[in-house]
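Asker: To start, I am sharing the structure in question, which I have written as structure tokens.
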Amino acid sequence: MSPRRLPDRLRPTAARVRAGLYDSLGEWVAGRAVLDLFAGTGALGIEALHRGARRAVFVECDAARVRALREQLRRQGLEQRAVVRREDAVEAPRRLARAGEVFDLVLLDPPYGTGLIARSLAVIADSGVLASGGLIVAEGHWRDRPTLPPGQEMAREARYGETALWFIRTSEGPRS
């Protein structure tokens, strides 16, 4: 599958939402380890790498998207700082934490209206995959504002039309 021809159900993050996200983070992302769950095209994690993230792990369950993402990373010369894993994005934080992985920034962009943000937040909180002082940024329809598990708090919320970004931090996370 060509990376330009995406399945109808794939909804890449709009450029203005991605710009708003990274403008909000500023230079904080530089040198950080990033986990891009529900990676799809990988646009969010790739942008983090371009903005100086030390490394990024992309998790996507669709085999065609995984192949396209690996090719995109290769074409952009980012494959040395990236790992693409084909697996279930909700369960991936547990496996990654068991392997000793810890991330400063976790990006969540699951299909809208599925309840996957809340489920993922609970797994992240339980797994220990988020570094102390880490940040989670979730994207979804503004009506899908997630309920946060204990230990997480809403640092900021931004709306872009129907899309919302929720900046969720641990008690020691960065202020956005």
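The values are calculated or read from the model by the stated rules, or taken from the named source; none is laboratory data. Note that this is a predicted model, so its numbers are computed, not measured. Positions of Cβ are generated from backbone atoms using ideal geometry, with glycine treated the same way; all protein chains shown enter the neighbour counts.
Asker: Mind telling me which of the residues 65, 75, 32 ends up being buried (at least 22 other Cβ atoms within 10 Å of the Cβ) and either of a type outside the set (Gly, Ala, Ser) or in contact (Cβ under 8 Å) with a residue 60 or more places away in the chain (or both)?
Answerer: After ruling out the rest, the residue left standing is 65.
Asker: Only one of these is under 18 Å from residue 92 (Cβ atoms), touching a Gly at 6+ places or on another chain (Cβ under 8 Å), surrounded by 13 or more Cβ atoms within 10 Å (Cβ to Cβ) and not polar (S, T, N, Q): 124, 136, 117. Name it.
Answerer: 117
Asker: Answer yes or no as to whether residue 93 is out of contact with any strand residue (DSSP E or B) (no Cβ under 7 Å at 6 or more places or on another chain), at negative phi and in contact (Cβ under 8 Å) with a residue 60 or more places away in the chain.
Answerer: no
Asker: Within segment 70-86, is even one residue among the aliphatic types (A, V, I, L, M), under 16 Å from the mean Cα position of the chain (by Cα) and more than 13 Å from residue 39 (Cα to Cα)?
Answerer: Checking segment 70-86: not a single residue is among the aliphatic types (A, V, I, L, M), under 16 Å from the mean Cα position of the chain (by Cα) and more than 13 Å from residue 39 (Cα to Cα).
Asker: For the structure I just gave you, tell me whether residue 105 is at pLDDT 95 or above, within 20 Å of residue 170 (Cβ to Cβ) and over 11 Å from the mean Cα position of the chain (by Cα).
Answerer: Spelling it out, it is not the case that residue 105 is at pLDDT 95 or above, within 20 Å of residue 170 (Cβ to Cβ) and over 11 Å from the mean Cα position of the chain (by Cα).
Asker: Can you pull out every residue in segment 35-74 that is in contact with a Pro (Cβ under 6 Å, 6 or more places away or on another chain) and among the aromatic types (Phe, Trp, Tyr)?
Answerer: 38, the sole residue that qualifies.
Asker: Can you find, within segment 108-124, the residue that is nearest to residue 20 (Cα to Cα) among those that are out of contact with any Ser or Thr (no Cβ under 9 Å at 6 or more places or on another chain) and of a type in the set (A, V, I, L, M, F, W, C)?
Answerer: 117
Asker: Quick one: residue 118 ticks every box in (1) part of a helix (DSSP H, G or I); (2) farther than 18 Å from residue 59 by Cβ; (3) modelled with pLDDT under 95 bar one, so which box is it?
Answerer: (2)
Asker: Quick check on my filter: what residues within segment 139-163 are closer than 19 Å to residue 18 by Cβ and either under 16 Å from the mean Cα position of the chain (by Cα) or assigned to a strand (DSSP E or B) (or both)?
Answerer: Matches in segment 139-163: 139, 140, 141, 155, 156, 157, 158, 159, 160, 163.
Asker: Counting only residues that are under 18 Å from the mean Cα position of the chain (by Cα) and of a type in the set (S, T, N, Q), which one in segment 164-176 is modelled with the highest pLDDT?
Answerer: If we take residues in segment 164-176 being under 18 Å from the mean Cα position of the chain (by Cα) and of a type in the set (S, T, N, Q), then 170 is modelled with the highest pLDDT.
Asker: Would you call residue 108 buried (at least 21 other Cβ atoms within 10 Å of the Cβ), under 25 Å from residue 123 (Cα atoms) and not polar (S, T, N, Q)?
Answerer: yes
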